[in-house]
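Have a look at the structure below before the remarks.
The values are calculated or read from the model by the stated rules, or taken from the named source; none is laboratory data. Note that the structure is a prediction, hence the values are computed from the model and not measured. FYI the Cβ positions are ideal-geometry reconstructions off the backbone, even for glycines, and counts take in every protein chain you see.
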Amino acid sequence: MVDAAAAWLDSLDDEQRAAAAWPWPAEEERHRWYYTPTDHGGLPLTRMRPAQQQLAMRLVASGLSRAGFVTVSTIMGLENVLDGLEGWRVDWGRERGRDPQLYWLRVFGQPSDEGPWSWRFGGHHVSLHHVVLNGTVQASTPCFLGADPAASPLLGGHLLRPLGAVEDLGRDLVRSLDEELIRQTIISPTPPVDVVTGNRPRIGEGDTAMRLPDVWRGRFTEPRLVDSVEEIQRKAEANVGLRPKHLEDVSLTIAPKGVPAKRLSPEQQDQLRALLMVFLGRVPDELAEREAAKFAGDKLLDVHFAWAGGIEPGQPHYYRLQGPRLLAEYDNTQRDVNHVHSVWRDPEGDFGDDVLARHLAAHHR
């Protein structure tokens, strides 16, 4: 990761570096993140030469498993598919609104095996973060992946579903529950139209689903764009029949909602663990194994599984996994239930805040 970051930075000219390389810690900017088609901060692929793009993607690949990198690459390519589905008309106030090259990369600090540094990569439906301290990756969250469309036709009657396992494993688990457990698991008959935590830099008690206009870098001022984003929000809520009570039902609480793994059968616990690994398995295998160890054996028993919405294919739905140092969310409600958002977070350690605070206290008194 150090070599890949350094090679990319060394390839940039002065103007590019001004956008790409920021000094550590840049706390306010480093904690900003997005998953909408907005400026994510940094140097976009579109402002890089092909060789620089290759070096950028090499760095991105260093922070993902093989399956994770294939998934991210596919999500980026879906911008072309989405552009066509929208009639090649959506622009979001820029030359092209759905652009597979509008993904931004920024490095904070000097890539090194000593001290802290980090990097961030993001664009529409991708937001990746890695914090490195003394040569070790300390944090890889928030980690957001989405897909629009969630399912697309391929030749021969097959479907392209970049996040299909995240949906199918969750549905298989909820449908395996008996009536008593389902009553505890389904926290609302109506799902929110997005992940509840949105792009908040920090999450906490009482958080409710954010509105789409708030998940951008700044507010739109052009009337047609203001109206457009508000209309998307209104239609999404109307399509699922969302009411204030439903937002309260799925609001985030420190004491997790839903059913704890300790109440599941051994087979269902295995299903839950498989579902969790679809989130953790986004990062390189050695990092995923380290994260999975936090939930090995009986450590899984305190993870809760909560669901909102229908449990049949094609019905709008949302779920989350919540436990110590874990919040994973999934939502598929928009565009006729063909638009997925999913995020993996560590409520205490997003952006490496917990590790960096301890490091600062120990070495910089």
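A residue that is surrounded by fewer than 21 Cβ atoms within 10 Å (Cβ to Cβ), more than 24 Å from Phe144 (Cβ to Cβ) and free of Cβ contacts under 8 Å to residues at least 40 places away in the same chain cannot be found anywhere in the range 189-212. Among the residues making up the range 298-356, those that are farther than 28 Å from Arg263 by Cα and among the hydrophobic types (A, V, I, L, M, F, W, C) are Val337, Val340, Phe351, Val355, Leu356. All conditions but one from (1) crowded, with 20+ Cβ neighbours inside 10 Å; (2) at positive phi apply to Gly297; the one that does not is (1).
In the range 339-365, the qualifying residues are those that are over 17 Å from the mean Cα position of the chain (by Cα) and in a loop (DSSP other than H, G, I, E, B), and the one that is farthest from Leu280 (Cα to Cα) is Arg365.
Scanning the range 125-146 for residues that are outside any strand (DSSP E or B) and either surrounded by fewer than 22 Cβ atoms within 10 Å (Cβ to Cβ) or of a type in the set (A, V, I, L, M, F, W, C) (or both) yields Asn134, Gly135. Looking only at residues in the range 47-84 that are part of a helix (DSSP H, G or I) and of a type in the set (Lys, Arg), the one that is surrounded by the fewest Cβ atoms within 10 Å (Cβ to Cβ) is Arg66.
On the stretch given as the range 43-95, residues that are closer than 16 Å to Cys143 by Cβ and small (Gly, Ala, Ser) total 7.
Scanning the range 12-51 for residues that are among the polar types (S, T, N, Q) and touching a Lys or Arg at 6+ places or on another chain (Cβ under 8 Å), we see that the one that is farthest from Gly93 (Cα to Cα) is Gln16.
Looking at Pro213, Pro244, which one is outside the structural domain of Trp92 (by TED's automatic domain parsing) and under 19 Å from the mean Cα position of the chain (by Cα)?
Details: Pro244 fails: under 19 Å from the mean Cα position of the chain (by Cα).
Exactly one of Pro213, Pro244 is outside the structural domain of Trp92 (by TED's automatic domain parsing) and under 19 Å from the mean Cα position of the chain (by Cα), namely Pro213.
Screening Pro201 on (1) over 19 Å from Val343 (Cα atoms); (2) in a loop (DSSP other than H, G, I, E, B); (3) not charged (D, E, K, R) shows it passes everything except condition (1).
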